[in-house]
Each structure stands twice: as C-alpha cells, then as structure tokens.
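The values are calculated or read from the model by the stated rules, or taken from the named source; none is laboratory data. Because the structure is a prediction, the values reported are computed rather than measured. Here the Cβ positions follow ideal geometry from the backbone for every residue, glycine too, while neighbour counts run over all protein chains shown.
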Amino acid sequence: MRAKARELAFQLIFEKLFTKSNKTFNEEFFVSLKKEDDISFCKEIVSCFCEHHQELEKLVSENLIGYEIDRVYKVDLALIYEALCEIKYLKSPIPVVINEVVNLAKIYSTEKSSRFVNGVLSSICKKI
C-alpha cells in the first residue's frame, strides 16, 4: 500500500506551497517510509509537483467554481496537487487516488473539505 507515501508527499507539497523554494528534501524526511518503493514513489510525486506546479495551478484554477485559487485552503490545495500529479503524470488509477486523497482530507482538513476535494478532482478528471 502506498498510503503512507501519499501522505508524506502531500505533507511535502504542503510545505512547498509556503516556501516556494526548489530545494530538495534530505533523506531524513523519508525515514517514516519503510520500503524503498514507497520512498521513490513519494519522491516522484514531489518532484512531479515541483516540475509542473504552474501547469497544475492553472488546471485547478480553471476548475474551481465560485472560488479563487488563493482562497482555497492550502491543505486542500496540496491534496489536490498530490492527486493530480499521480493521475496526470504518474498514471495511477483515478478511483484509488481520489479515495486516498479524500481520506487524507478527512484527517487533515475541515469537515467539508473531503467533498470539495472530491468535487474538484472529479471535475478535472472528466476533462483529462
């Protein structure tokens, strides 16, 4: 299962939303992941985000109805970015990714965030 790798990738993307730096993360960030496959998967998601951040931001902005991207909770935005990296670039199965990210939204964000994240991702996935 890649749930822990996804969770760590989301956390690192969340951090990147605030730092705006292109620095890479030290290996110490990945010690919570036990399997080498999970470490490389997590790194792949984060580097994908760094490489395609502007494109992802545009994609999300175009699919927000009644919201501006700068008004979206950063936690929700990081979850959406994590999912889009997997779906659009890593070709992970859409239902699996959305389910995992919605579960993370229930843990890390507000009561309504899981529905918001699900709605935005569903809207984008219909167009991809």
- Message: Here are the criteria: (1) over 18 Å from residue 3 (Cα atoms); (2) in contact with a helix residue (DSSP H, G or I) (Cβ under 6 Å, 6 or more places away or on another chain); (3) touching a residue at least 60 places away in the same chain (Cβ under 8 Å). Tell me which single one residue 127 does not satisfy.
- Response: (2)
- Task: List every residue pair whose Cβ atoms lie under 9 Å apart, where the two residues are 6 or more positions apart in sequence or sit on different chains, the first residue falls within region 97-114 and is closer than 15 Å to residue 74 by Cα, and the second residue, located anywhere, is hydroxyl-bearing (Ser, Thr, Tyr) and surrounded by fewer than 19 Cβ atoms within 10 Å (Cβ to Cβ).
- Result: 109/73; 110/73; 113/73
- Restricting region 1-18 to residues that are farther than 12 Å from residue 46 by Cβ and either basic (Lys, Arg) or more than 16 Å from the chain's Cα centre (by Cα) (or both), the one modelled with the lowest pLDDT turns out to be 1
- Message: So for region 77-93 (the condition being among the β-branched types (Val, Ile, Thr) and without any contact (Cβ under 8 Å) to a residue 40 or more places away in the chain), does at least one residue qualify?
- Response: no
- When region 92-121 is examined, which residues are found to be more than 14 Å from the chain's Cα centre (by Cα) and either of a type in the set (Gly, Ala, Ser) or under 18 Å from residue 48 (Cβ atoms) (or both)? 93, 119
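Within region 111-128, can one find any residue that is surrounded by 16 or more Cβ atoms within 10 Å (Cβ to Cβ), acidic (Asp, Glu) and more than 19 Å from residue 16 (Cα to Cα)?
The first filter runs over region 111-128 and keeps only residues surrounded by 16 or more Cβ atoms within 10 Å (Cβ to Cβ), leaving 113-114, 116-118, 120-121, 124-125.
Keeping just the survivors that are acidic (Asp, Glu) gives none.
No, the conditions are met nowhere in region 111-128.
Do we find that residue 35 is in contact with a Ser or Thr (Cβ under 7 Å, 6 or more places away or on another chain) and farther than 12 Å from residue 6 by Cβ in this structure?
On the way: in contact with a Ser or Thr (Cβ under 7 Å, 6 or more places away or on another chain): no; farther than 12 Å from residue 6 by Cβ: yes.
No.
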- Message: Looking only at region 30-76, how many residues end up being hydroxyl-bearing (Ser, Thr, Tyr) and touching a residue at least 40 places away in the same chain (Cβ under 8 Å)?
- Response: 1
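Looking at region 23-37, can you tell me whether even one residue there is modelled with pLDDT of 85 or more, within 13 Å of the chain's Cα centre (by Cα) and at negative phi?
No, every residue in region 23-37 fails to be modelled with pLDDT of 85 or more, within 13 Å of the chain's Cα centre (by Cα) and at negative phi.
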- Among residues of region 48-70 being over 14 Å from residue 122 (Cβ atoms) and in a loop (DSSP other than H, G, I, E, B), the residue modelled with the highest pLDDT is 68
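Kindly indicate whether residue 58 is more than 19 Å from residue 5 (Cα to Cα), of a type in the set (Lys, Arg) and within 15 Å of the chain's Cα centre (by Cα). Let's see the steps before the verdict.
Working: more than 19 Å from residue 5 (Cα to Cα): yes; of a type in the set (Lys, Arg): yes; within 15 Å of the chain's Cα centre (by Cα): yes.
So residue 58 fits the description; yes.
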- Query: Restricting attention to region 68-78, does a residue exist that is more than 13 Å from the chain's Cα centre (by Cα), farther than 23 Å from residue 19 by Cβ and surrounded by 13 or more Cβ atoms within 10 Å (Cβ to Cβ)?
  - Reply: no
- Query: Just to be sure, is residue 45 surrounded by 15 or more Cβ atoms within 10 Å (Cβ to Cβ), within 13 Å of the chain's Cα centre (by Cα) and part of a helix (DSSP H, G or I)?
  - Reply: yes
